[in-house]
Amino acid sequence: MAELIYDETGRLLFTMEMKKEYKLLIPSMAPYHFEYYAHLLKSEGYDAEQLMNTSFDVIHEGMKYSHNDICVPAMLVIGQFIDAIKNKGYDIHKVAVAITQTGGGCRASNYLSLIRKSFKKAGYAFIPIVSVNAVGLEKNPGFKISTNIILKLMTATMMGDIMMQLYNEVAAYEVNKGETERVYQEINSYLDEYFYLPSRKVFYHPNKLIERVVKRFSEIEVDRTIKKPKVGIVGEIYVKYSPLGNNDLEKTLRNEGCEVITPNMLDFFQYTFDSTRHDIYKYGGRKIVAETYRFLIWFIEYRRNKVRRLFKKYGFRVFTNYYTLRKLSKGFMPHAMHVGEGWLLSAEMIELIHMDTPNIVCTQPFGCLPNHIAGKGMLKKIKNQYPKSNIVAIDYDTSATEINQLNRIKLMISNAKNNL
(Lines give C-alpha, C1' and ligand atoms only; values in the text may rest on other atoms or scores of the structure.)
Protein backbone atom coordinates (compact mmCIF):
# COMPACT_ATOMS: atom_id res chain seq x y z
CA MET A 1 0.00 0.00 0.00
CA ALA A 2 1.22 3.52 -0.85
CA GLU A 3 2.94 5.36 1.98
CA LEU A 4 1.08 8.42 3.30
CA ILE A 5 3.29 11.51 2.83
CA TYR A 6 2.49 14.97 4.21
CA ASP A 7 3.95 18.38 3.30
CA GLU A 8 5.30 20.92 5.82
CA THR A 9 1.76 22.24 6.49
CA GLY A 10 0.44 18.77 7.32
CA ARG A 11 -1.44 18.37 4.01
CA LEU A 12 -1.69 14.79 2.73
CA LEU A 13 -0.07 14.55 -0.71
CA PHE A 14 -1.21 12.56 -3.73
CA THR A 15 1.98 10.76 -4.75
CA MET A 16 3.23 9.03 -7.91
CA GLU A 17 2.73 5.70 -6.16
CA MET A 18 -0.91 6.63 -5.50
CA LYS A 19 -1.38 7.48 -9.18
CA LYS A 20 -0.58 3.85 -9.98
CA GLU A 21 -2.62 2.27 -7.16
CA TYR A 22 -5.52 4.58 -6.28
CA LYS A 23 -8.93 5.15 -7.88
CA LEU A 24 -9.52 8.88 -8.44
CA LEU A 25 -13.15 9.92 -7.92
CA ILE A 26 -14.56 13.04 -9.59
CA PRO A 27 -17.99 14.59 -8.87
CA SER A 28 -20.74 14.72 -11.51
CA MET A 29 -21.26 18.42 -12.14
CA ALA A 30 -21.99 18.59 -15.88
CA PRO A 31 -23.35 15.35 -17.40
CA TYR A 32 -22.40 16.26 -20.98
CA HIS A 33 -18.81 17.17 -20.04
CA PHE A 34 -17.57 15.16 -17.07
CA GLU A 35 -17.73 11.78 -18.80
CA TYR A 36 -15.08 13.12 -21.18
CA TYR A 37 -13.05 14.48 -18.24
CA ALA A 38 -12.98 10.97 -16.75
CA HIS A 39 -11.68 9.57 -20.06
CA LEU A 40 -9.15 12.42 -20.22
CA LEU A 41 -7.72 11.37 -16.85
CA LYS A 42 -7.81 7.66 -17.72
CA SER A 43 -5.86 8.31 -20.91
CA GLU A 44 -3.19 10.05 -18.82
CA GLY A 45 -2.70 7.06 -16.51
CA TYR A 46 -5.20 7.82 -13.72
CA ASP A 47 -7.83 5.29 -12.67
CA ALA A 48 -10.55 7.96 -12.77
CA GLU A 49 -14.27 7.45 -12.24
CA GLN A 50 -17.13 9.93 -12.43
CA LEU A 51 -19.58 9.53 -9.54
CA MET A 52 -23.19 8.94 -10.54
CA ASN A 53 -24.83 8.63 -7.10
CA THR A 54 -27.60 11.24 -6.97
CA SER A 55 -30.08 9.90 -4.39
CA PHE A 56 -31.41 11.82 -1.39
CA ASP A 57 -28.64 10.19 0.68
CA VAL A 58 -26.16 12.53 -1.03
CA ILE A 59 -27.92 15.58 0.44
CA HIS A 60 -28.21 13.85 3.82
CA GLU A 61 -24.47 13.08 3.97
CA GLY A 62 -23.59 16.60 2.86
CA MET A 63 -25.71 18.15 5.60
CA LYS A 64 -24.38 15.69 8.17
CA TYR A 65 -20.69 16.39 7.60
CA SER A 66 -20.74 20.10 6.69
CA HIS A 67 -22.87 22.88 8.21
CA ASN A 68 -25.89 24.97 7.25
CA ASP A 69 -23.91 28.04 6.19
CA ILE A 70 -22.08 26.21 3.39
CA CYS A 71 -23.21 26.92 -0.17
CA VAL A 72 -25.37 24.18 -1.70
CA PRO A 73 -22.84 23.12 -4.39
CA ALA A 74 -20.18 22.48 -1.72
CA MET A 75 -22.67 20.54 0.39
CA LEU A 76 -23.69 18.36 -2.56
CA VAL A 77 -20.10 17.66 -3.64
CA ILE A 78 -19.13 16.70 -0.07
CA GLY A 79 -22.25 14.53 0.22
CA GLN A 80 -21.60 12.79 -3.10
CA PHE A 81 -18.03 11.95 -2.12
CA ILE A 82 -18.88 10.62 1.34
CA ASP A 83 -21.93 8.67 0.15
CA ALA A 84 -19.84 6.99 -2.59
CA ILE A 85 -16.97 6.16 -0.22
CA LYS A 86 -19.41 4.65 2.29
CA ASN A 87 -21.69 2.73 -0.02
CA LYS A 88 -20.12 2.00 -3.43
CA GLY A 89 -17.74 -0.77 -2.36
CA TYR A 90 -14.44 1.03 -2.91
CA ASP A 91 -11.29 0.06 -1.01
CA ILE A 92 -11.24 3.20 1.11
CA HIS A 93 -7.49 2.89 1.61
CA LYS A 94 -6.93 3.05 -2.15
CA VAL A 95 -9.21 5.87 -3.16
CA ALA A 96 -8.62 9.62 -3.71
CA VAL A 97 -10.93 12.46 -4.77
CA ALA A 98 -10.34 15.31 -7.23
CA ILE A 99 -12.04 18.71 -7.25
CA THR A 100 -11.52 21.84 -9.36
CA GLN A 101 -10.32 24.98 -7.62
CA THR A 102 -10.73 28.40 -9.25
CA GLY A 103 -8.46 30.45 -7.02
CA GLY A 104 -10.89 33.39 -6.97
CA GLY A 105 -13.04 34.96 -4.28
CA CYS A 106 -15.78 32.33 -4.59
CA ARG A 107 -16.19 29.69 -1.87
CA ALA A 108 -15.24 27.15 -4.54
CA SER A 109 -11.64 28.14 -3.80
CA ASN A 110 -12.19 26.83 -0.27
CA TYR A 111 -13.82 23.53 -1.25
CA LEU A 112 -10.64 21.61 -0.48
CA SER A 113 -10.44 22.76 3.13
CA LEU A 114 -14.19 22.15 3.52
CA ILE A 115 -13.86 18.61 2.11
CA ARG A 116 -10.87 17.88 4.36
CA LYS A 117 -12.80 19.03 7.40
CA SER A 118 -15.78 16.85 6.42
CA PHE A 119 -13.57 13.83 5.68
CA LYS A 120 -11.89 14.18 9.07
CA LYS A 121 -15.32 14.29 10.76
CA ALA A 122 -16.42 11.21 8.81
CA GLY A 123 -13.20 9.30 9.67
CA TYR A 124 -11.63 9.57 6.19
CA ALA A 125 -8.71 11.91 6.94
CA PHE A 126 -6.37 9.39 5.22
CA ILE A 127 -8.02 9.93 1.79
CA PRO A 128 -6.00 12.30 -0.46
CA ILE A 129 -7.79 15.28 -2.03
CA VAL A 130 -6.40 16.51 -5.35
CA SER A 131 -6.82 20.13 -6.43
CA VAL A 132 -7.29 20.55 -10.19
CA ASN A 133 -6.38 24.14 -11.01
CA ALA A 134 -4.38 26.29 -13.40
CA VAL A 135 -3.05 28.80 -10.87
CA GLY A 136 -0.51 26.68 -8.97
CA LEU A 137 -2.55 25.96 -5.84
CA GLU A 138 -1.90 22.82 -3.73
CA LYS A 139 0.60 20.99 -5.93
CA ASN A 140 0.84 17.20 -5.72
CA PRO A 141 3.75 15.05 -6.98
CA GLY A 142 1.31 12.49 -8.42
CA PHE A 143 -0.84 14.98 -10.35
CA LYS A 144 0.67 17.29 -12.96
CA ILE A 145 -1.12 19.60 -15.41
CA SER A 146 0.69 18.73 -18.64
CA THR A 147 0.29 20.23 -22.12
CA ASN A 148 -1.51 17.05 -23.16
CA ILE A 149 -4.00 17.43 -20.31
CA ILE A 150 -4.66 21.09 -21.20
CA LEU A 151 -5.28 20.24 -24.87
CA LYS A 152 -7.53 17.33 -23.97
CA LEU A 153 -9.37 19.46 -21.41
CA MET A 154 -10.14 22.13 -24.02
CA THR A 155 -11.36 19.53 -26.50
CA ALA A 156 -13.36 17.64 -23.85
CA THR A 157 -15.11 20.85 -22.79
CA MET A 158 -15.80 21.79 -26.41
CA MET A 159 -17.19 18.29 -27.08
CA GLY A 160 -19.44 18.60 -24.03
CA ASP A 161 -20.69 21.99 -25.24
CA ILE A 162 -21.38 20.58 -28.71
CA MET A 163 -23.28 17.57 -27.38
CA MET A 164 -25.26 19.75 -24.94
CA GLN A 165 -26.36 22.20 -27.63
CA LEU A 166 -27.15 19.61 -30.31
CA TYR A 167 -29.06 17.38 -27.89
CA ASN A 168 -31.26 20.22 -26.62
CA GLU A 169 -31.73 21.79 -30.04
CA VAL A 170 -32.92 18.50 -31.58
CA ALA A 171 -34.69 16.73 -28.67
CA ALA A 172 -37.42 19.36 -28.42
CA TYR A 173 -38.53 18.75 -32.03
CA GLU A 174 -37.77 15.05 -32.64
CA VAL A 175 -40.44 13.15 -34.55
CA ASN A 176 -39.50 9.73 -33.20
CA LYS A 177 -39.50 9.93 -29.40
CA GLY A 178 -36.20 8.85 -27.86
CA GLU A 179 -34.18 9.04 -31.08
CA THR A 180 -32.03 11.94 -29.84
CA GLU A 181 -31.06 9.96 -26.75
CA ARG A 182 -30.19 6.91 -28.86
CA VAL A 183 -28.01 9.00 -31.18
CA TYR A 184 -26.36 10.64 -28.16
CA GLN A 185 -25.41 7.23 -26.71
CA GLU A 186 -24.25 6.02 -30.12
CA ILE A 187 -21.96 9.03 -30.56
CA ASN A 188 -20.52 8.72 -27.04
CA SER A 189 -19.44 5.17 -27.86
CA TYR A 190 -16.85 6.47 -30.33
CA LEU A 191 -16.23 10.08 -29.21
CA ASP A 192 -14.30 8.84 -26.16
CA GLU A 193 -11.67 7.32 -28.48
CA TYR A 194 -10.17 10.77 -29.12
CA PHE A 195 -8.56 10.89 -25.68
CA TYR A 196 -6.53 7.74 -26.28
CA LEU A 197 -4.94 8.95 -29.53
CA PRO A 198 -1.13 9.50 -29.70
CA SER A 199 0.03 12.92 -28.47
CA ARG A 200 0.68 14.33 -31.95
CA LYS A 201 -2.91 13.55 -32.99
CA VAL A 202 -4.33 15.06 -29.80
CA PHE A 203 -2.81 18.41 -30.75
CA TYR A 204 -4.72 18.68 -34.03
CA HIS A 205 -8.33 19.78 -33.94
CA PRO A 206 -10.57 16.72 -34.46
CA ASN A 207 -12.41 18.27 -37.42
CA LYS A 208 -13.57 15.04 -39.02
CA LEU A 209 -14.72 13.59 -35.71
CA ILE A 210 -16.75 16.69 -34.81
CA GLU A 211 -18.27 16.95 -38.30
CA ARG A 212 -19.33 13.31 -37.97
CA VAL A 213 -21.11 14.23 -34.71
CA VAL A 214 -22.85 17.33 -36.10
CA LYS A 215 -23.88 15.51 -39.29
CA ARG A 216 -25.31 12.60 -37.30
CA PHE A 217 -27.50 14.91 -35.20
CA SER A 218 -28.67 16.70 -38.38
CA GLU A 219 -29.98 13.35 -39.67
CA ILE A 220 -32.51 13.03 -36.82
CA GLU A 221 -36.02 13.66 -38.16
CA VAL A 222 -37.49 16.82 -36.59
CA ASP A 223 -40.65 18.89 -36.97
CA ARG A 224 -39.78 22.53 -36.49
CA THR A 225 -43.26 23.72 -37.47
CA ILE A 226 -44.18 23.08 -33.83
CA LYS A 227 -43.89 26.38 -31.95
CA LYS A 228 -42.13 25.92 -28.63
CA PRO A 229 -40.83 28.60 -26.25
CA LYS A 230 -37.07 28.74 -25.93
CA VAL A 231 -35.90 28.83 -22.31
CA GLY A 232 -32.33 29.61 -21.26
CA ILE A 233 -30.62 28.34 -18.10
CA VAL A 234 -28.01 30.55 -16.42
CA GLY A 235 -26.61 30.91 -12.92
CA GLU A 236 -23.89 29.53 -10.66
CA ILE A 237 -21.86 26.99 -12.63
CA TYR A 238 -22.73 23.92 -10.51
CA VAL A 239 -26.51 24.38 -10.31
CA LYS A 240 -26.62 25.60 -13.92
CA TYR A 241 -25.31 22.28 -15.27
CA SER A 242 -25.83 19.67 -12.54
CA PRO A 243 -29.12 17.70 -12.52
CA LEU A 244 -28.39 16.94 -8.87
CA GLY A 245 -28.03 20.65 -8.09
CA ASN A 246 -31.06 21.92 -10.05
CA ASN A 247 -33.52 19.00 -9.68
CA ASP A 248 -32.99 17.99 -13.32
CA LEU A 249 -34.12 21.39 -14.62
CA GLU A 250 -33.24 20.63 -18.24
CA LYS A 251 -35.50 17.57 -18.31
CA THR A 252 -38.27 19.48 -16.50
CA LEU A 253 -38.25 22.23 -19.13
CA ARG A 254 -38.31 19.71 -21.99
CA ASN A 255 -41.25 17.87 -20.38
CA GLU A 256 -43.07 21.21 -20.19
CA GLY A 257 -42.73 21.62 -23.96
CA CYS A 258 -39.74 23.97 -24.12
CA GLU A 259 -36.51 24.07 -26.09
CA VAL A 260 -33.64 24.39 -23.62
CA ILE A 261 -30.61 26.61 -24.26
CA THR A 262 -27.69 26.47 -21.82
CA PRO A 263 -24.59 28.67 -22.41
CA ASN A 264 -21.30 26.95 -23.24
CA MET A 265 -18.96 25.93 -20.42
CA LEU A 266 -15.94 27.03 -22.49
CA ASP A 267 -17.12 30.63 -22.04
CA PHE A 268 -16.60 30.19 -18.28
CA PHE A 269 -13.07 28.82 -18.86
CA GLN A 270 -12.21 31.83 -21.02
CA TYR A 271 -13.82 34.17 -18.49
CA THR A 272 -11.50 32.82 -15.76
CA PHE A 273 -8.45 33.24 -18.05
CA ASP A 274 -9.53 36.78 -18.92
CA SER A 275 -10.18 37.63 -15.25
CA THR A 276 -6.63 36.64 -14.29
CA ARG A 277 -5.30 38.65 -17.22
CA HIS A 278 -7.37 41.68 -16.12
CA ASP A 279 -6.04 41.51 -12.54
CA ILE A 280 -2.40 41.24 -13.65
CA TYR A 281 -2.62 44.39 -15.76
CA LYS A 282 -4.70 46.22 -13.13
CA TYR A 283 -2.89 45.26 -9.94
CA GLY A 284 0.45 43.87 -11.11
CA GLY A 285 1.89 40.47 -11.85
CA ARG A 286 3.85 38.59 -14.47
CA LYS A 287 2.96 39.92 -17.92
CA ILE A 288 3.98 36.62 -19.55
CA VAL A 289 1.22 34.87 -17.58
CA ALA A 290 -1.33 37.43 -18.79
CA GLU A 291 -0.20 36.98 -22.39
CA THR A 292 -0.34 33.20 -22.05
CA TYR A 293 -3.97 33.47 -21.02
CA ARG A 294 -4.65 35.86 -23.92
CA PHE A 295 -3.14 33.29 -26.28
CA LEU A 296 -5.28 30.51 -24.77
CA ILE A 297 -8.45 32.55 -25.40
CA TRP A 298 -7.34 33.16 -29.01
CA PHE A 299 -6.50 29.47 -29.46
CA ILE A 300 -9.87 28.32 -28.08
CA GLU A 301 -11.76 30.78 -30.29
CA TYR A 302 -9.73 29.70 -33.32
CA ARG A 303 -10.83 26.11 -32.73
CA ARG A 304 -14.41 27.08 -31.90
CA ASN A 305 -14.68 28.99 -35.19
CA LYS A 306 -14.31 25.63 -36.97
CA VAL A 307 -17.24 24.32 -34.93
CA ARG A 308 -19.28 27.43 -35.73
CA ARG A 309 -18.75 26.83 -39.45
CA LEU A 310 -19.96 23.22 -39.05
CA PHE A 311 -23.04 24.33 -37.11
CA LYS A 312 -23.87 26.84 -39.84
CA LYS A 313 -23.30 24.22 -42.55
CA TYR A 314 -25.76 21.77 -40.97
CA GLY A 315 -28.37 24.35 -39.94
CA PHE A 316 -27.78 24.61 -36.18
CA ARG A 317 -27.65 27.73 -34.03
CA VAL A 318 -24.23 29.43 -34.04
CA PHE A 319 -23.01 30.39 -30.56
CA THR A 320 -21.46 33.77 -29.71
CA ASN A 321 -17.76 34.63 -29.87
CA TYR A 322 -16.23 35.20 -26.41
CA TYR A 323 -15.20 38.83 -27.02
CA THR A 324 -18.65 39.62 -28.45
CA LEU A 325 -20.17 38.06 -25.33
CA ARG A 326 -17.94 40.20 -23.11
CA LYS A 327 -19.11 43.39 -24.86
CA LEU A 328 -22.73 42.54 -24.02
CA SER A 329 -22.11 43.19 -20.31
CA LYS A 330 -20.97 46.76 -20.99
CA GLY A 331 -23.24 49.21 -19.20
CA PHE A 332 -24.54 46.49 -16.91
CA MET A 333 -21.55 45.23 -14.93
CA PRO A 334 -17.83 46.17 -15.01
CA HIS A 335 -15.32 43.53 -16.07
CA ALA A 336 -13.58 43.97 -12.72
CA MET A 337 -16.54 42.11 -11.20
CA HIS A 338 -15.35 38.55 -11.70
CA VAL A 339 -16.07 36.86 -8.39
CA GLY A 340 -18.02 33.67 -9.03
CA GLU A 341 -19.77 34.08 -12.41
CA GLY A 342 -19.42 37.89 -12.21
CA TRP A 343 -20.14 39.88 -15.36
CA LEU A 344 -20.41 36.65 -17.38
CA LEU A 345 -23.77 35.86 -15.78
CA SER A 346 -25.27 39.19 -16.88
CA ALA A 347 -23.72 38.81 -20.34
CA GLU A 348 -25.22 35.32 -20.75
CA MET A 349 -28.72 36.61 -19.96
CA ILE A 350 -28.34 39.45 -22.47
CA GLU A 351 -26.92 37.02 -25.04
CA LEU A 352 -30.01 34.81 -24.66
CA ILE A 353 -32.32 37.80 -25.13
CA HIS A 354 -30.43 38.76 -28.29
CA MET A 355 -30.87 35.15 -29.49
CA ASP A 356 -34.66 35.55 -29.26
CA THR A 357 -34.70 33.65 -25.96
CA PRO A 358 -36.13 36.16 -23.47
CA ASN A 359 -37.36 33.34 -21.20
CA ILE A 360 -34.65 32.59 -18.65
CA VAL A 361 -34.28 30.57 -15.46
CA CYS A 362 -31.54 32.08 -13.26
CA THR A 363 -30.43 29.33 -10.86
CA GLN A 364 -29.42 30.70 -7.45
CA PRO A 365 -27.85 28.27 -4.95
CA PHE A 366 -28.14 29.02 -1.26
CA GLY A 367 -24.98 30.57 0.16
CA CYS A 368 -23.60 31.91 -3.15
CA LEU A 369 -23.47 35.67 -2.52
CA PRO A 370 -21.55 36.59 -5.74
CA ASN A 371 -24.17 34.75 -7.82
CA HIS A 372 -27.06 36.54 -6.13
CA ILE A 373 -25.43 39.91 -6.83
CA ALA A 374 -24.50 39.18 -10.45
CA GLY A 375 -27.72 37.26 -11.15
CA LYS A 376 -30.79 38.26 -9.15
CA GLY A 377 -29.27 41.69 -8.42
CA MET A 378 -29.14 42.53 -12.13
CA LEU A 379 -32.65 41.41 -13.10
CA LYS A 380 -34.31 44.81 -12.61
CA LYS A 381 -31.71 46.58 -14.74
CA ILE A 382 -31.93 43.96 -17.48
CA LYS A 383 -35.75 44.07 -17.49
CA ASN A 384 -35.69 47.87 -17.72
CA GLN A 385 -33.42 47.62 -20.78
CA TYR A 386 -35.31 44.64 -22.27
CA PRO A 387 -39.00 44.95 -21.23
CA LYS A 388 -39.98 41.71 -23.03
CA SER A 389 -37.53 39.64 -20.97
CA ASN A 390 -39.22 36.92 -18.90
CA ILE A 391 -36.68 36.00 -16.21
CA VAL A 392 -37.29 34.02 -13.03
CA ALA A 393 -34.68 33.53 -10.29
CA ILE A 394 -35.02 30.12 -8.61
CA ASP A 395 -33.36 29.48 -5.25
CA TYR A 396 -31.87 26.00 -4.85
CA ASP A 397 -31.53 25.07 -1.20
CA THR A 398 -31.37 21.63 0.42
CA SER A 399 -34.39 22.65 2.53
CA ALA A 400 -36.38 24.23 -0.34
CA THR A 401 -39.41 22.33 -1.61
CA GLU A 402 -39.24 21.18 -5.23
CA ILE A 403 -42.93 21.96 -5.77
CA ASN A 404 -42.37 25.63 -4.95
CA GLN A 405 -39.52 25.80 -7.48
CA LEU A 406 -41.63 24.00 -10.08
CA ASN A 407 -44.61 26.34 -9.59
CA ARG A 408 -42.47 29.41 -10.24
CA ILE A 409 -40.89 27.78 -13.30
CA LYS A 410 -44.33 26.84 -14.66
CA LEU A 411 -45.53 30.43 -14.21
CA MET A 412 -42.56 31.66 -16.27
CA ILE A 413 -43.31 29.00 -18.95
CA SER A 414 -46.99 30.06 -18.98
CA ASN A 415 -45.94 33.65 -19.66
CA ALA A 416 -43.52 32.42 -22.33
CA LYS A 417 -46.27 30.47 -24.12
CA ASN A 418 -48.65 33.43 -23.96
CA ASN A 419 -45.95 35.67 -25.47
CA LEU A 420 -45.24 33.07 -28.13
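The values are calculated or read from the model by the stated rules, or taken from the named source; none is laboratory data. Note that the structure is a prediction, hence the values are computed from the model and not measured. Here Cβ is always computed from backbone atoms with ideal geometry, including for glycine, and neighbour counts include all displayed protein chains.
Of the candidates Val202, Val183, the single residue that is at pLDDT 95 or above, in a helix (DSSP H, G or I) and outside the structural domain of Gly45 (by TED's automatic domain parsing) is Val183.
Return yes when Val130 is under 27 Å from Gly62 (Cα atoms), modelled with pLDDT of 95 or more and either out of contact with any strand residue (DSSP E or B) (no Cβ under 9 Å at 6 or more places or on another chain) or not small (Gly, Ala, Ser) (or both) and no when it is not.
Considered against the rule, which asks whether it is under 27 Å from Gly62 (Cα atoms), modelled with pLDDT of 95 or more and either out of contact with any strand residue (DSSP E or B) (no Cβ under 9 Å at 6 or more places or on another chain) or not small (Gly, Ala, Ser) (or both), Val130 comes out as no.
I'm checking my understanding of the structure. Among residues of region 360-390 that are among the hydroxyl-bearing types (Ser, Thr, Tyr) and farther than 30 Å from Ile59 by Cα, which one is farthest from the chain's Cα centre (by Cα)? Ranking the qualifying residues of region 360-390, first place goes to Tyr386.
Screening Thr324 with (1) within 22 Å of Met159 (Cα to Cα); (2) in contact with a helix residue (DSSP H, G or I) (Cβ under 8 Å, 6 or more places away or on another chain) gives one miss only, at (2). Contact map, region 214-233: first residue in the same structural domain as Glu179 (by TED's automatic domain parsing) and acidic (Asp, Glu), second residue buried (at least 17 other Cβ atoms within 10 Å of the Cβ) and part of a helix (DSSP H, G or I), Cβ cut-off under 9 Å, separation 6 or more or different chains; pairs are Glu219/Val183. Condition check: basic (Lys, Arg) and under 18 Å from the mean Cα position of the chain (by Cα). Does Arg308 satisfy that? No; evaluated as a whole, the condition is false for this residue. Of note, Ala38 satisfies the criterion of being within 18 Å of Tyr196 (Cβ to Cβ) and either out of contact with any helix residue (DSSP H, G or I) (no Cβ under 6 Å at 6 or more places or on another chain) or at pLDDT 85 or above (or both). Taking the condition of being of a type in the set (A, V, I, L, M), surrounded by 21 or more Cβ atoms within 10 Å (Cβ to Cβ) and in a helix (DSSP H, G or I), how many residues in region 120-169 meet it? Residues meeting the conditions: 7. Restricting region 183-192 to residues that are surrounded by 12 or more Cβ atoms within 10 Å (Cβ to Cβ) and free of Cβ contacts under 8 Å to residues at least 40 places away in the same chain leaves a set whose member that is farthest from Glu221 (Cα to Cα) is Ile187.
Considering only residues that are buried (at least 17 other Cβ atoms within 10 Å of the Cβ) and assigned to a loop (DSSP other than H, G, I, E, B), which ones fall in region 382-397? Ser389 - this is the single residue of region 382-397 that is buried (at least 17 other Cβ atoms within 10 Å of the Cβ) and assigned to a loop (DSSP other than H, G, I, E, B).
Has region 45-52 got at least one residue that is of a type in the set (S, T, N, Q), at pLDDT 90 or above and either in contact with an Asp or Glu (Cβ under 8 Å, 6 or more places away or on another chain) or on the phi < 0 side of the Ramachandran plot (or both)? The answer is yes, given that some residue of region 45-52 is of a type in the set (S, T, N, Q), at pLDDT 90 or above and either in contact with an Asp or Glu (Cβ under 8 Å, 6 or more places away or on another chain) or on the phi < 0 side of the Ramachandran plot (or both). In the set Glu211, Glu236, only one residue is of a type in the set (Asp, Glu) and touching a Pro at 6+ places or on another chain (Cβ under 6 Å); that residue is Glu236. A single entry from Ser55, Ser113 fulfils the requirement of being closer than 30 Å to Asn264 by Cα, without any contact (Cβ under 8 Å) to a residue 24 or more places away in the chain and not β-branched (Val, Ile, Thr): Ser113. Does region 254-267 include one or more residues that are farther than 21 Å from Thr180 by Cα, modelled with pLDDT of 90 or more and among the charged types (D, E, K, R)? Looking through region 254-267, at least one residue is farther than 21 Å from Thr180 by Cα, modelled with pLDDT of 90 or more and among the charged types (D, E, K, R).
Residues are listed down the side, and each one gets a yes or a no for (1) modelled with pLDDT of 90 or more; (2) of a type in the set (Lys, Arg); (3) more than 30 Å from Lys64 (Cα to Cα):
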site	(1), (2), (3)
Lys330	yes, yes, yes
Val339	no, no, no
Thr357	yes, no, yes
Ile373	no, no, no
Tyr386	yes, no, yes
Ile391	yes, no, yes
Ile403	no, no, no
